[in-house]
1. Restricting things to alpha carbons, find the Rg to Rh ratio for chain A using the Kirkwood radius for Rh.
2. Full-extension gain between residue B:156 and residue B:275, please, as 0.36 nm times their residue separation minus the C-alpha to C-alpha distance.
3. Across region B:177-257, how large is the tail of the calculated P(r) beyond 20 Å, expressed as a percent of all Cα pairs?
4. When the dipole is taken about the Cα centre of chain B, and only Lys, Arg (+1) and Asp, Glu (-1) are charged at their Cβ, what size is it in debye, to the nearest 20?
5. What are the ³J(HN,Hα) values, in whole Hz, obtained from phi via the Karplus relation 6.51 cos²θ - 1.76 cosθ + 1.60 with θ = phi - 60°, for each residue of region B:189-199 in sequence order, with x given for Gly and Pro?
6. Put a dot 7 Å past each Cα toward the Cβ at residue B:129 and residue A:67; how far apart are the dots in nm?
7. For B:261, B:99, what ranking results if the residue with the fewest other Cβ atoms within 10 Å of its Cβ goes first?
8. Sort B:89, B:42, B:20, B:214 by Cβ crowding within 10 Å, fewest neighbours at the top.
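Every number in this text was worked out from the coordinates using simple rules, so none of it is lab data. As the structure is a prediction and not an experimental result, all values here were calculated from the model. As a convention, Cβ positions derive from the backbone with ideal geometry for all residues, glycine included, and neighbour counts pool all protein chains shown.
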Amino acid sequence: MNAPLPTNGLVPARAQPILRFENLTLGYNRHPAVHHLRGEVAAGSLLAIVGPNGAGKSTLLKAIAGELRPLQGRIELNGLERRQIAYLTQSTTLDSSFPMVVHDFVAMGLWREIGAFSGLSRTQRGNIEHALGVVGLAGLENRAIGTLSGGQLQRALFARVLLQDSPLVLLDEPFGAIDAASVRDLATLVRRWHSEGRTVIAVLHDLEHVRQEYPETLLLAREVVARGDTASVLSEENLLRARRLAEGRGDDAHAPVCHAVGNVE
Amino acid sequence: MIEALSDMPLLSPFIEFGFMRRALAGCLALSLGATPIGVFLMLRRMSLAGDAMSHAILPGAAVGYLLAGLSLPAMTIGGLIAGLAVAVMAGGVARNTVIREDTSLATFYLLSLSAGVLIISLRGSSVDLLHVLFGSVLALDDATLLLLAGFTSLSVVALAIGLRLFVLESCDPAFLARISRLAPLAHYGFLTLLVINLVAGFHALGTLMAVGIMILPAAAARLWVCSIGPLLLLAVFTALLGSTSGLLLSYYINVPAGPAIVLTLGALYLLSLAIGPLAPLASRWRTSWHFER
């Protein structure tokens, strides 16, 4: 399924890391949510982050995107700026009742090129049209964003990410509440990003989907439970351990589980 | 020529009376400057915040009044300082405490209004108080008109330059913050434009009704069009139509001009609510028509 693709012929250990976590502890109001994460993400990785609710998955993405300051440790970005990261959050701050058509909405993905003042060149118009075609929204350019269905809106958000042309794409539960056809189309787009050598990190719930599409997985339950090849990470034993760690949450909320130092290669 | 024109009931008050021409110029300035800001207030769901901030201007203007009487610069500077301070403080309280933004705004609004009324009554008469609360669009002097025109020019130019920023900041603020360093500039720039337009509106329509010429035309226009460019143009047009009609109404039936303008704008809004293509009434009518066929 996830056949090794051209630019991804990189074994993680040898590839340049695009991200490095150094003893990273994240949390809110001094309550840690993710403990002592160490390790690297190789450029070109297609990495799924899975784990029970409250495991710190979204928190980790938020921190990578630079929107949450670590309580301890740091995240090192290798060769890219924060602003270059394309980050699709679980609940967007997007006001879908805003009077804007799909074309203009998607065009905002070109911000790094056009900024606040430039107009769109012919090439850029072509790129927008192409992006809309890729996500299956061709013909809906002039629809108001408020009239789109959930699946269509998610497609539009993916088109915007596509136009951001980012080397690192962060997706937080991108297939949450959308129809199967949209999931299929958008998963194809994720594969395409991977094949283009982009690094994609996605928080996902559907383990079957992860097994099929993602070569690498990070199983998180407020600490790293396992990380590496998807098939071995998603073993019964690991999943059970993650569940236990998550359930034990109430007891140790103030006494973080610091003994288990996150793994890694 | 002039005589022929002055026979026309829609023009004659403006031709005969200087104060009507001044009032018209003031309304023109507010429609061009304040109404587009009102469109963004509406789109950002900040209509009530705008209302609260217009009240927040009062104590600042009142302190200016206390120090210098009905002096334009003193009341303007006082209003600007108080408006900006409340904009920053209300946001800060909402972000950093358990008090949510609507409550935070309501508290500032109540405090400002009561403090303002109290300060003015320390020195002034109830006529002065009425002037501050309801404005004096029929008594705009040269200096005030120049101030309105200046604020309007600044506002129109800033909006033209920053339009894309303001649009994205209203539509998807977190996305803007992620991709652009200009996000804080867009946020505070907008608040600054809001405050200067509220101060301009304060001089003409008073603290209680300055927001009227912002929100009512914006809301009326929103019921007709669904993209931002036409929305801004239609809102400005609605504001011009409503404020001019309001002035004429106040002239012919001899009622206070400020409330007449706001009520006329309100009538245009109600009309849009009844027949605007995006209004619930119109769409219900169209649905039933659809089913009957």
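1. On the way: Rg = 18.8 Å, Rh = 19.3 Å.
A ratio of 0.98.
2. Stretched fully, the residue B:156-residue B:275 segment lengthens by 39.8 nm.
3. On the way: 1610 of 3240 pairs.
Pairs farther apart than 20 Å: 50 percent.
4. Values: 14 positive and 12 negative charges, 186 e Å.
Roughly 900 debye, rounded to the nearest 20.
5. x, 5, 4, 5, 4, 4, 5, 5, 6, 5, 5
6. Spacing of the two 7 Å Cα→Cβ label points: 4.9 nm.
7. In increasing order of surrounding Cβ atoms, one gets B:99, B:261.
8. Values: B:89 13, B:42 22, B:20 19, B:214 31.
Lowest count first: B:89, B:20, B:42, B:214.
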